[in-house]
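Student: First the structure, which I've put down as structure tokens, then a few questions once you've had a look.
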Amino acid sequence: MIGLITFLILTAGGLIFLIIKLKKHKSLYPFIPFRYDFRKRRDTFLRILKLLDDTKSKIIIETGTSRKGLKGSKSNGAATIVFGKWAKLNKAHVYSVDISMESIVACEAEVKKQNLMQNITIHHSDSIEFLKNFKQKVDFLYLDSYDYSLDKEVQIASQKHHLNEFKAIENKLHKNSIIMIDDCDLSGGGKGKLVIEYMLQKDWIIDMEKYQVILLNKHFKLDLNSYQQ
Ligand SMILES: C[S@@+](CC[C@H](N)C(=O)[O-])C[C@H]1O[C@@H](n2cnc3c(N)ncnc32)[C@H](O)[C@@H]1O
């Protein structure tokens, strides 16, 4: 009898644990296998994938590469792989830039594993230098480099860096460019604090504000003719 009660309690506990885990799990399935949990970034990633479809984006830039590959979906975001996969399906290209060779080597291994080499190029550089020298118009800009932390000085340096990234590429953006900034909903204002303040004074408005923030241009307009084919 005691054995049966223990068994029932353990089974019920296990079930409750599984239900809670499943409720928290936010996947991008069927785009990315169900087991990868994108948690606080799932909704903004879904919105970005829709915007990329709508605008038929071709040139994507990411600052700060996916140093943990797809396994980092919950912690770092695994954006290089998510956007690279979209790029492969839509004949687009992701240019990811990182200052750390270690991050690049790790990401390149995942890019190979996912067979995305034709659609992702990873550059070894400081992101601001890379952006200053980028020659093409940018359809989607994702800012996620200089790591944020609890240290106030690091927070300010990270915020300034992301602002300067935006300024370095600003003249390559157009009215249908999409901008997303990672790690925003954090104490001290997150990576986006200064760059979002700057953008809001210019021609940009917030499209979605969660852990990540998406901004679009005030003059953003879809070409409806392209839907009548
Ligand atoms: C949070 S990770 C990027 C995560 C990635 N976007 C993802 O979705 O998985 C931040 C990366 O930014 C890089 N980084 C930091 N400072 C940088 C800089 N000045 N220029 C370029 N990359 C930088 C780090 O080496 C690190 O690999």
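Nothing in this text is a laboratory measurement; each read-out follows from the coordinates by a stated rule. The shown structure was predicted, so the numbers you read here are calculated from the model rather than taken from an experiment. Positions of Cβ are backbone-derived with ideal geometry, glycine not excepted, and every protein chain shown enters the neighbour counts.
Student: What list of ³J(HN,Hα) values in whole Hz, one per residue of region 58-74 in order, does the Karplus curve 6.51 cos²θ - 1.76 cosθ + 1.60 (θ = phi - 60°) give from phi, with Gly and Pro shown as x?
Tutor: 10, 10, 10, 10, 10, 9, x, 8, 6, 5, 10, x, 5, 4, x, 4, 7
Student: Just going by the charge dipole of region 18-136, with Lys and Arg at +1 and Asp and Glu at -1 on Cβ, which of 93, 134, 20 is farthest out on the positive end?
Tutor: 20
Student: What does the net charge come to around residue 136 if you take all other residues with beta carbon closer than 10 Å to its beta carbon, with K and R at +1 and D and E at -1?
Tutor: +3
Student: Give me the distance between the Cα centres of region 170-219 and region 103-166, rounded to whole Å.
Tutor: 16 Å
Student: Please state the charge dipole magnitude for the chain, taken about the Cα centre, from unit charges on C-beta atoms (+1 on K and R, -1 on D and E), reported in debye and rounded to the nearest 20.
Tutor: I would put it at about 700 debye.
Student: Right, another one. Starting at 0 and stepping by 5 Å, how many percent of the alpha carbon pairs of region 1-57 end up in each bin?
Tutor: Result returned by the calculation: 4, 17, 15, 15, 12, 9, 8, 7, 5, 3, 3, 1, 1.
Student: Each label point is 7 Å from the Cα along the Cα-to-Cβ direction; what then is the distance between the points at residue 40 and residue 170, in nm?
Tutor: 2.8 nm
Student: Give me P(r) over region 96-208, computed from all C-alpha to C-alpha distances, binned every 10 Å, as integer percentages.
Tutor: All Cα pairs considered, the percentages come to 13, 41, 36, 10, 0.
Student: A further question follows. Can you list residues from other chains, or at least 5 along the same chain, whose modelled amide H is less than 5 Å from the amide H of residue 178?
Tutor: Placed amide hydrogens put 140, 141 under 5 Å from residue 178.
Student: Just tell me which aspartates and glutamates come within less than 12 Å, Cα to Cα, of residue 23; anything on the same chain fewer than 8 places away is out.
Tutor: 37
Student: When 51, 222 are ordered from fewest to most other Cβ atoms inside 10 Å of their Cβ, what list results?
Tutor: Lowest to highest Cβ neighbour count: 222, 51.
Student: Could you tell me which helices of the chain pass both thresholds, a Cα extent of 27 Å or more along their own axis and a mean Kyte-Doolittle hydropathy of at least 0.0, with helices taken as whole DSSP H runs?
Tutor: Helix filter hits for the chain: 2-24.
Student: Quick one: putting +1 on the C-beta of Lys and Arg, -1 on the C-beta of Asp and Glu, what dipole do you get for region 1-85 around its Cα centre, in Debye to the nearest 20?
Tutor: For region 1-85, the charge dipole is close to 180 debye.
Student: Another one. In Å, what Kirkwood hydrodynamic radius results for region 27-227 from the alpha-carbon pair distances?
Tutor: Roughly 16.8 Å, rounded to one decimal.
Student: Mind checking which of 84, 146, 30 is farthest towards the positive end of the chain's charge dipole, using Cβ charges of +1 (Lys, Arg) and -1 (Asp, Glu) about the Cα centre?
Tutor: Result: 30.
Student: Among DSSP beta bridges whose residues both lie in region 27-227, state the antiparallel percentage, nearest 5.
Tutor: Counting DSSP beta bridges with both partners in region 27-227, the antiparallel share is about 30 percent.
Student: List every residue whose amide H lies under 5 Å from the amide H of residue 204, counting only residues 5 or more places away in sequence or on a different chain, with H placed 1.01 Å from N in the peptide plane.
Tutor: 218
Student: Skipping prolines and chain starts, which residues have an amide H placed within reach, meaning under 5 Å, of the one on residue 120, given they are 5 or more residues away or on another chain?
Tutor: The answer is 94.
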